[in-house]
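Derivation of every value follows stated rules applied to the coordinates shown; laboratory data play no part. From a predicted model like this one, the values you see are computed outputs, not experimental measurements. Quick reminder, even Gly has a Cβ in these numbers, built from the backbone with ideal geometry, and neighbours come from all protein chains shown.
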Amino acid sequence: MKKRNEKIIEFFLALSGAITVLTTIGILWVLLYESVLFFKEVSVVEFFTDTQWTPLFSDKHFGILPLISGTILTSFIAILVALPIGLSIAVYLNEYAHPKIRQTIKPVLEILAAIPTVVYGFFALTVVTPFLQTLIPSLAGFNALSPGIVMGIMIIPLISSLSEDALYAVPKSLREASYGLGATQFQTSFKVLVPAASSGIIVSVILAISRAFGETMIVAVAAGLEPRLTLDPTVPIATITTYIVQVSMGDVPQGSLEFKTIFSAGMMLFVFTFILNTISARVKKKFYHKYE
Amino acid sequence: MNNRLKNNLFKYWAITCTLFGIAMLLIFLINIVIDGVGRLDWNFITDLPSRKPELAGIYTAIMGTVWILGLTAIIAIPIGVAAGIYLEEYGKKSRFANILEINITNLAGIPSIIYGILGLEVFVRMFGLGNSVIAGALTLSLLILPIIIVATREAIKAVPKTIREASFALGATKWQTISQQILPAAGGGVVTGVILALSRAIGETAPLIVVGALTYVPFVPQSPMDQYSVLPMQIFNWISRPEKEFATNAAAAIIVLLLITFIMNGFAIYLRNRWQKKVKW
């Protein structure tokens, strides 16, 4: 009797775990199923080569490239901001700062990661864009630069925290050997610690890129919702995520071709982030065996 | 000398970077407070939304957030904690557990808007739940499950083996050991993780837009099948309007949203510290 109860409990616990597997299967199934329906009406060649994305206009084009260029552009700007700053902070906290400073600053920076992204969108639109316009007068009211920079600020703690963890995990003996040879903190950090922790740092950067690809609200608020195949950061653009938001907010009838576009766009986003996450998982696995 | 100079230059650069991060946070917060605090009064909290910015309030959005949060908690906490227990206590070496583990890592990296697409197809369309509170809550539950599972596992992992062995030695079954020894001991960690996960759910906007949260709702949801708006949706709507007065409203609503988020985060950190101090193995 007792034994049977134990088995029943174990079954229900396992069932709860199985829900996460169902979630993954559900995501794959939904994206694939609706994408297949989409590609019955739109050719794959057009999807990947057409340079315009205008499913909501009367002259319809279904080229995903403008959405991809917008996604990559904003993410690239974000990484350009977050990588040097985040990595410098990580090295500083790990090698230069007093442990007490480190203990205070790390959680303060992590507040940046706890702020809802729609709030960052407000910041980009009402503070950063007007400020940038004083520097670049030709900057449009909606652009890729401002949300990109703000997204970068948002992911600074992601890079700084994960990189700092990686630097911290480097065995003490390496650090001591370096100082023993008379190296400065700078030399120790960049010639010994950063190379030794490189895989952990790479993981943090890949996760940051993946995060930036999927970021929605900052770009939806501040970038303008205009799909455009360009690498010019001063004009309005759209990303994969903001296009999905735009369709969801409008009155596109469910089941129509316009409606199906969000699944094909979502599929692209899923594939990109899945590739990045898989690479980071691989690198991480390697990293964990390095010092054992 | 050259090396020392480089060393110092980098030091000042790195301090600048650190200060830059903190300064951005401050500019950000101060700016929002200056913009919004004048608009913030009791009426703003208790008024219904309106097309006139000076009359508009966030009552229905706050109630929508409360509904979403409550339902998400009811759905996600039992499932997440149960899955965490399973992975840490039962499935250690099984193939199924191995698949679960890889899967949860993957899920945590999927953008939130993709969860919205899943919710739209499965909950809104297939289950026929429409743009209801329950469809939104189910979607957010799936989104925060990985966070709750990971937190539960970490908390259980921190419970020393001796507790478990002592319980078994006294003849307790596995479930008795878990429910009466391990869970109470791991409780603080689990609660901390759950609060952090829920505070993440409060700020989520993108998946709820996809599953049909509305920007203008003149009523408070009465049942899980009703339509709803949430605080971040209301903020997004106000930001998107051209009138300057709505930007002021957005700033005031952001203050409320940030207060809720920070209080939840602060409470989670407080619990974690207290728990770490109280329980010394």
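Some values worked out for this structure:
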{"quantity": "Rounded, prolate or oblate (a/c below 1.5 giving rounded, otherwise prolate when a/b exceeds b/c) for chain B by Cα gyration tensor", "calculated": "oblate"}
{"quantity": "Exposed-loop-free span, longest in chain B, where GluC sites (Glu not before Pro) count as exposed if DSSP calls them loop and at most 13 other C-beta atoms lie within 10 Å", "calculated": "B:55-242"}
{"quantity": "Relative contact order, percent, chain A [alpha-carbon distance under 8 Å, six or more residues apart]", "calculated": "26"}
{"quantity": "Order of B:TYR228, A:TYR33 - criterion: other Cβ atoms within 10 Å of each residue's Cβ, fewest first", "calculated": "A:TYR33, B:TYR228"}
{"quantity": "For the stretch A:259-274, 3J(HN,Hα) per residue [Karplus equation, 6.51 cos²θ - 1.76 cosθ + 1.60, θ = phi - 60°, Hz, x = Gly/Pro]", "calculated": "5, 5, 4, 5, 6, 5, 5, x, 4, 4, 4, 4, 4, 4, 5, 5"}
{"quantity": "Span-rule helices in chain B, defined as complete DSSP H runs reaching 27 Å or more along the axis (Cα) with Kyte mean at least 1.0", "calculated": "B:59-85, B:133-157, B:183-203"}
{"quantity": "Residue-by-residue Karplus 3J(HN,Hα) for the stretch A:208-216, coefficients 6.51, -1.76, 1.60, Hz, glycine and proline x", "calculated": "5, 4, 4, 4, 5, 4, x, 5, 10"}
{"quantity": "Mean separation of Cα contacts under 8 Å, 6 or more apart, over the residue count of the stretch B:124-199: relative contact order %", "calculated": "39"}
{"quantity": "Neighbour-count order for B:TRP13, B:TRP42, B:TRP238, fewest beta carbons within 10 angstrom listed first", "calculated": "B:TRP42, B:TRP13, B:TRP238"}
{"quantity": "Amide H contacts of A:TRP53 (H built 1.01 Å from N, under 5 Å, at least 5 apart or other chain)", "calculated": "A:GLY63"}
{"quantity": "Chain A: C-alpha gyration tensor shape, a/c 1.5 cut-off, then a/b vs b/c", "calculated": "oblate"}
{"quantity": "Phi-based couplings in Hz for the stretch B:41-57 (Karplus 6.51, -1.76, 1.60; Gly and Pro marked x)", "calculated": "8, 5, 4, 4, 6, 9, 7, 6, x, 8, 7, 8, x, 6, 9, 6, x"}
{"quantity": "Unsatisfied cross-links (Cα-Cα over 24 Å) in the set A:LYS191/B:LYS157; A:LYS260/A:LYS284; A:LYS100/B:LYS157; B:LYS92/B:LYS174; A:LYS106/B:LYS93; A:LYS285/B:LYS157", "calculated": "A:LYS191/B:LYS157; A:LYS260/A:LYS284; A:LYS100/B:LYS157; A:LYS106/B:LYS93"}
{"quantity": "Global form of the stretch A:1-143, assessed from the alpha-carbon gyration tensor, a/c cut-off 1.5", "calculated": "oblate"}
